[in-house]
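Working notes, structure below.
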Amino acid sequence: MVIDDLIAIAEQERAARKKYVIRCCLAAGCMSSNSKGVKEALDVAVKEAGLENDVEVRGVGCMKLCCQGPLVQIDGDGQGATVRIEGNPQGPLYQRVTPEDAASLVATLKGGKTNVQRGDPAQPFFTNQVSIVLANSGIVDPERIESYIAADGYQALHDVLREMTPKDVVEAMIKSGLRGRGGAGYPTGLKWATVAKTPGNQKYVICNADEGDPGAFMDRSVLESDPHSVLEGMAIGAYAVGANQGFIYVRAEYPLAISRLQNAIKQAKQKELLGSGVFESPFNFNIDVRIGAGAFVCGEETALMSSVEGKRGSPRPRPPFPAERGLWSSPTLINNVETFANVPPIFRKGPEWFAGIGTEKSKGTKVFALAGRITNTGLLEVPMGTTLREIVEKMGGGAPDGRKIKAVQTGGPSGGCIPAEALDTPVDYDSLVKLGSIMGSGGMIVMDDTSRMVDVARFFMEFCMDESCGKCIPCRAGTVQMYHLLNKILEGKATPRDLEQLESLCDLVKNTSLCGLGQTAPNPVLSTLRFFRKEYTDLLKEDVYAGPKTDDPGQTNGGPKPEALLPVT
Amino acid sequence: MAAKTLIINGKHVSAEENATILEAATEAGISIPTLCHLDGVYDAGACRLCLVEVAGISKLLPACTTKVAEGMDVSTDTERLRKYRRMTLELLFAERNHVCAVCVSNNHCELQTLAYSQGMEHVRFEYRFPKWEVDNTHALFGMDHNRCILCTRCVRVCWHIEGAGTKNESGRGAKERIITDLNQPWGASDTCTNCGKCVMACPTGALFYKGSTVSEMERDRSKLEFIVTAREKKQWIASE
Ligand SMILES: Cc1cc2nc3c(=O)[nH]c(=O)nc-3n(C[C@H](O)[C@H](O)[C@H](O)COP(=O)(O)O)c2cc1C
Ligand code: SF4
Ligand code: FES
């Protein structure tokens, strides 16, 4: 494969385009409401109408407004227009399509009418999105590499391999200002630089696709909708740091993402875009998929690597960081799915372009999975710095049934609840941390005035308790006690002393746990206590016990001095 | 090998370049509470009792896995650390069924000794009273899960000193437990070499020699160190 071959594939693909493209979402959300049946019915309807030469029915990735699925959109205006924009965002959009609707949808191409529910592509949910990571989502066919190549795919990899040194690549990444999308927001360029500079004959690249936060489905959507962008991003990363082997760690609960990835890897190998001597350069790179059993802790990087090695997925103390000692003790670059998916566009359009989007310290866009008590459940990508209000009220359409939004939870079990009063906060890494939450990987759960915040805290605590790996004491035993105390509070059996104990446990678990799971597990409790303390205190009953206070470290209550208790030796 | 100078509790201490804070402190006669650490076996950093404060670093660092650095200013015994250690110990006592009075390890138990030394007089957390079984199927040893604190010393010793790989962990969180092979009765294990190293390594009465009743058991830990010294330094003497 040389660049001319790549361009030829793209041109051939574009030349073969038909007058109309009916795009039908085949991502997991719509698939669960039978979009596969819709796609098949559309194929049949096109044939029956004798339009095979004019119409392509294309299975595509996520079209974002998941709650209205199955979604179908038609490129071309549906009135017989001859000019057609690829992935026309204004094309007629149909919602909740059933296989029975197929014939009437196809008939619209010949001026017919249909009663299928029309979606509004001009609503803010769509128009306020800025697509970098999701640029191909809902447009290209994720199962055909040619479709990705026609969207300029793998050109960035070519330019990187043939025109840039690894050092140039790292510098461009630093210039772009991209920060990791897996949760902590670590500067990606800096991470690449560290791995690149660490000596080692064998290095690895890992893509973290464990996505364990409840309510989050951004990474899954990216993998299902545009797997090649992740592969291309990984290959560019591998070239920058000097790795020749990559792994994508996906949870077994994502069978569609896994099969699309495996298919994409196979096609990329066939086209010699992975393997040895990519673009006839000395660069060799292979990618394998590793399937995880869906433990939340296996998203933590050291646990993930242990799992890839075939061992029990439990974290180990850092340092040493993976950049220094990672997979099989070799220097390893580990990034999130969305982080890698940002890489090809950065090299296609230039790091300056990327750095021009977002805020001063948070560049680019962020994909959020909007869920909970919100009208428009789905996937949205907005520039960093967009306010929460814009996202949940304008784009998300507010809470359903005329209810009021009470809080927005970001960052999953590691994050916190942001009260409605703070909705004007811009979404960037640092502003969210100031509010006691985190950006996290992009789960955004909306709560309305029917939600009880102590309940919310208990939900996340139960999650952390169940998902704790059990290695370190504060997290393993502390989450059990915190969960117990939250239950006690909800049952109306707790006293102010219990609340005090809960708070001192938060302090302990946050500061002494080994890995990020334990260190952040108290966040949902701490943030609800910070903004909704009254909901806790309202549930407490009178304290009748007058003993020593729970948080008194000395707490001798008149007993013997500690030394006096030592066994006689 | 270059030496490093650091400060521990206000005292200047010199340490070997690759030493951990724990090793440097021990050499200087400063004791730091530990539970999952065992001389001669690689560290897990799991119990968090050895956490120390290092000036200029906001996170607490485990002394057993953190390497010394030049000029490092370490505090091992602040009020905050004492508070955390006590709470951590209380969490352990509340987690399973630790009843010293009827335990084979009474007075020879690291958990018990630590609780004394940290001034833990009672437990402020609600006892969970879980129901754990006892595996008495092995001819020589027994395992009482009620007394296990999941320090994983037995697992590490079994894999890395004996090389048998019999002891393993299964489950996670509060449901985690030590298992034999792929979770079969200890007596049915065909990988166990009956070496008894796991029993020597256990800090509590969870692993015990059969036939020892309350308070009777003592362990021979010098044997572990002897083997490691023999292996690594080719010296057939136990140090001290
Ligand atoms: C308990 C826990 C779970 C995590 N789960 C994920 C995950 O599902 N996906 C992910 O990308 N990162 C996850 N992380 C963060 C990773 O450890 C790591 O920081 C990340 O993959 C680095 O990639 P980035 O720099 O591109 O963000 C998790 C961290 C912790 C502590
Ligand atoms: S903090 Fe929790 S998940 Fe992390 S190592 Fe400790 S027990 Fe395991
Ligand atoms: S002895 Fe260091 S963490 Fe247990």
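The values are calculated or read from the model by the stated rules, or taken from the named source; none is laboratory data. Keep in mind that this is a model prediction, so the values were computed, not measured. In this analysis, Cβ positions are derived from the backbone assuming ideal geometry, glycine residues included, and neighbour counts consider all displayed protein chains.
For the stretch A:451-462, how many residues meet the condition of being within 14 Å of chain B (Cβ to nearest Cβ) and under 25 Å from A:K366 (Cα atoms)?
First, the residues of the stretch A:451-462 that are within 14 Å of chain B (Cβ to nearest Cβ): A:461-462.
Next cut, under 25 Å from A:K366 (Cα atoms) only: none.
Of the residues in that region, 0 qualify.
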If we keep only residues of the stretch A:420-450 that are surrounded by fewer than 23 Cβ atoms within 10 Å (Cβ to Cβ) and of a type in the set (S, T, N, Q), then the residue farthest from the other protein chains (Cβ to nearest Cβ) is A:T450
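Would you call A:C515 facing chain B (nearest Cβ under 8 Å) and either in contact with a strand residue (DSSP E or B) (Cβ under 9 Å, 6 or more places away or on another chain) or within 16 Å of ligand 3 (Cβ to nearest atom) (or both)? Spell out how you get there, then give the answer.
Details: facing chain B (nearest Cβ under 8 Å): no; either in contact with a strand residue (DSSP E or B) (Cβ under 9 Å, 6 or more places away or on another chain) or within 16 Å of ligand 3 (Cβ to nearest atom) (or both): yes.
The answer is no for A:C515.
Can you confirm whether A:T495 is more than 9 Å from chain B (Cβ to nearest Cβ), more than 16 Å from ligand 1 (Cβ to nearest atom), hydroxyl-bearing (S, T, Y) and surrounded by fewer than 23 Cβ atoms within 10 Å (Cβ to Cβ)? Spell out how you get there, then give the answer.
Values: more than 9 Å from chain B (Cβ to nearest Cβ): yes; more than 16 Å from ligand 1 (Cβ to nearest atom): yes; hydroxyl-bearing (S, T, Y): yes; surrounded by fewer than 23 Cβ atoms within 10 Å (Cβ to Cβ): yes.
When the stated conditions are applied, A:T495 passes them.
For B:N107, indicate whether it is surrounded by fewer than 22 Cβ atoms within 10 Å (Cβ to Cβ) and within 14 Å of chain A (Cβ to nearest Cβ). Reasoning before the result, please.
Values: surrounded by fewer than 22 Cβ atoms within 10 Å (Cβ to Cβ): yes; within 14 Å of chain A (Cβ to nearest Cβ): yes.
Here the answer is yes, as B:N107 does meet what is asked.
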query = Of the residues that make up the stretch B:137-156, is at least one within 14 Å of chain A (Cβ to nearest Cβ), of a type outside the set (G, A, S), touching a strand residue (DSSP E or B) at 6+ places or on another chain (Cβ under 9 Å) and assigned to a strand (DSSP E or B)?
reply = no
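Looking at the stretch B:193-240 only, could you name the residues that are of a type in the set (V, I, T), at pLDDT below 85 and closer than 18 Å to B:I161 by Cβ?
Initial filter on the stretch B:193-240 (of a type in the set (V, I, T)): B:193, B:199, B:204, B:213-214, B:227-229, B:237.
Subsequent filtering for residues that are at pLDDT below 85 retains B:213-214, B:237.
Correct list: B:I237 only.
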(1) touching a Leu at 6+ places or on another chain (Cβ under 9 Å); (2) more than 16 Å from ligand 2 (Cβ to nearest atom) all hold for B:S58 apart from (1)
A:I174 passes all but one of the listed conditions (1) crowded, with 24+ Cβ neighbours inside 10 Å; (2) more than 29 Å from A:C24 (Cβ to Cβ); (3) aliphatic (A, V, I, L, M); the exception is number (1)
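In the stretch A:192-243, how many are of a type in the set (V, I, T) and under 23 Å from A:G59 (Cα atoms)?
Applying the first criterion (of a type in the set (V, I, T)) to the stretch A:192-243 yields A:194-195, A:198, A:205-206, A:222, A:230, A:236, A:241.
Now narrow it down to the ones that are under 23 Å from A:G59 (Cα atoms): A:222, A:230.
So the count comes out to 2.
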Within the stretch A:460-512, restricting to residues that are of a type in the set (S, T, N, Q) and farther than 28 Å from B:R153 by Cα, the one that is farthest from ligand 2 (Cβ to nearest atom) is A:T495
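Filter the stretch A:396-412 for residues that are touching a residue at least 60 places away in the same chain (Cβ under 8 Å) and surrounded by 24 or more Cβ atoms within 10 Å (Cβ to Cβ); which is farthest from A:L517 (Cα to Cα)?
Restricting attention to the stretch A:396-412, the residues satisfying the condition of being touching a residue at least 60 places away in the same chain (Cβ under 8 Å) are A:396-397, A:407, A:409, A:411-412.
Still in the list and also surrounded by 24 or more Cβ atoms within 10 Å (Cβ to Cβ): A:396, A:407, A:409, A:411-412.
Working: A:G396: 29, A:A407: 23, A:Q409: 17, A:G411: 12, A:G412: 11 Å.
Among those residues, the one meeting the criterion is A:G396.
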Taking the stretch B:6-64 and the residues there that are part of a helix (DSSP H, G or I) and of a type in the set (A, V, I, L, M, F, W, C), the one that is nearest to ligand 3 (Cβ to nearest atom) would be B:L22
- Query: Quick one: is A:V297 touching a Lys or Arg at 6+ places or on another chain (Cβ under 8 Å) and either within 12 Å of ligand 1 (Cβ to nearest atom) or within 11 Å of chain B (Cβ to nearest Cβ) (or both)?
  - Reply: yes
Residue count, the stretch A:114-170, condition more than 30 Å from A:T387 (Cα to Cα), of a type in the set (S, T, Y) and without any contact (Cβ under 8 Å) to a residue 60 or more places away in the chain, comes to 2
Reported set for the stretch A:140-158 where residues are part of a loop (DSSP other than H, G, I, E, B) and touching an Asp or Glu at 6+ places or on another chain (Cβ under 7 Å) is A:V140, A:P142, A:G153, A:Y154
When every residue in the stretch B:54-75 that is in contact with a helix residue (DSSP H, G or I) (Cβ under 9 Å, 6 or more places away or on another chain) and over 24 Å from B:A2 (Cα atoms) is compared, the one nearest to ligand 1 (Cβ to nearest atom) is B:K59
Of the residues in the stretch A:499-510, those that are within 21 Å of A:F532 (Cβ to Cβ) and either within 10 Å of chain B (Cβ to nearest Cβ) or within 29 Å of the chain's Cα centre (by Cα) (or both) come to A:Q501, A:S504, A:L505, A:C506, A:D507, A:V509, A:K510
Over the stretch A:511-569, the set of residues outside any helix (DSSP H, G or I), among the hydrophobic types (A, V, I, L, M, F, W, C) and at pLDDT 70 or above is A:L514, A:C515, A:A521, A:L539, A:L540
Apart from one, (1) in a helix (DSSP H, G or I); (2) surrounded by 22 or more Cβ atoms within 10 Å (Cβ to Cβ) all hold for A:A103; the odd one out is (2)
Residue hits (the stretch A:265-276; of a type outside the set (S, T, Y) and either modelled with pLDDT under 95 or in contact with a strand residue (DSSP E or B) (Cβ under 9 Å, 6 or more places away or on another chain) (or both)) are A:I265, A:A268, A:K269, A:L274, A:G275
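Is it fair to say A:A216 is away from ligand 1 (no atom under 13 Å from the Cβ) and out of contact with any Leu (no Cβ under 7 Å at 6 or more places or on another chain)? So that I can check it myself, show each step before the final result.
Numbers: away from ligand 1 (no atom under 13 Å from the Cβ): no; out of contact with any Leu (no Cβ under 7 Å at 6 or more places or on another chain): yes.
Criteria not met by A:A216.
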Among the residues of the stretch B:157-172, the number that are more than 10 Å from B:A201 (Cβ to Cβ) and either within 14 Å of chain A (Cβ to nearest Cβ) or touching a His at 6+ places or on another chain (Cβ under 7 Å) (or both) is 8
So, first residue more than 7 Å from every other protein chain (Cβ to nearest Cβ) and under 15 Å from A:P524 (Cα atoms) in the stretch A:473-484, second residue part of a helix (DSSP H, G or I) and among the small types (G, A, S), Cβ within less than 7 Å, six or more apart or across chains; the pairs are A:C475/A:G518
When A:K311 is run through (1) in contact (Cβ under 8 Å) with a residue 12 or more places away in the chain; (2) within 21 Å of A:D466 (Cα to Cα), the failure sits at (1)
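Let's see how each residue does on (1) in a helix (DSSP H, G or I); (2) outside the structural domain of A:L370 (by TED's automatic domain parsing); (3) buried (at least 24 other Cβ atoms within 10 Å of the Cβ):
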position: A:N208; (1), (2), (3): no, yes, yes
position: A:G212; (1), (2), (3): no, yes, no
position: A:G215; (1), (2), (3): no, yes, no
position: A:V222; (1), (2), (3): yes, yes, yes
position: A:L231; (1), (2), (3): yes, yes, yes
position: A:M234; (1), (2), (3): yes, yes, yes
position: A:V250; (1), (2), (3): no, yes, yes
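Can you name the residue in the stretch A:303-352 that is β-branched (V, I, T) and farther than 30 Å from B:T20 by Cα and is also farthest from ligand 3 (Cβ to nearest atom) among such residues? Explain how you work it out, then say what you get.
As a first pass, look at the stretch A:303-352 and keep what is β-branched (V, I, T): A:308, A:332, A:334, A:337, A:339, A:343, A:346.
Within this subset, residues satisfying the condition of being farther than 30 Å from B:T20 by Cα are A:337, A:339, A:343, A:346.
Numbers: A:V337: 33, A:T339: 31, A:V343: 37, A:I346: 41 Å.
Top of the filtered list is A:I346.
With respect to B:G29, is the statement that it is of a type in the set (G, A, S) and more than 16 Å from ligand 2 (Cβ to nearest atom) true? Before the answer, list the steps.
Values: of a type in the set (G, A, S): yes; more than 16 Å from ligand 2 (Cβ to nearest atom): yes.
Against the criterion (of a type in the set (G, A, S) and more than 16 Å from ligand 2 (Cβ to nearest atom)), B:G29 qualifies.
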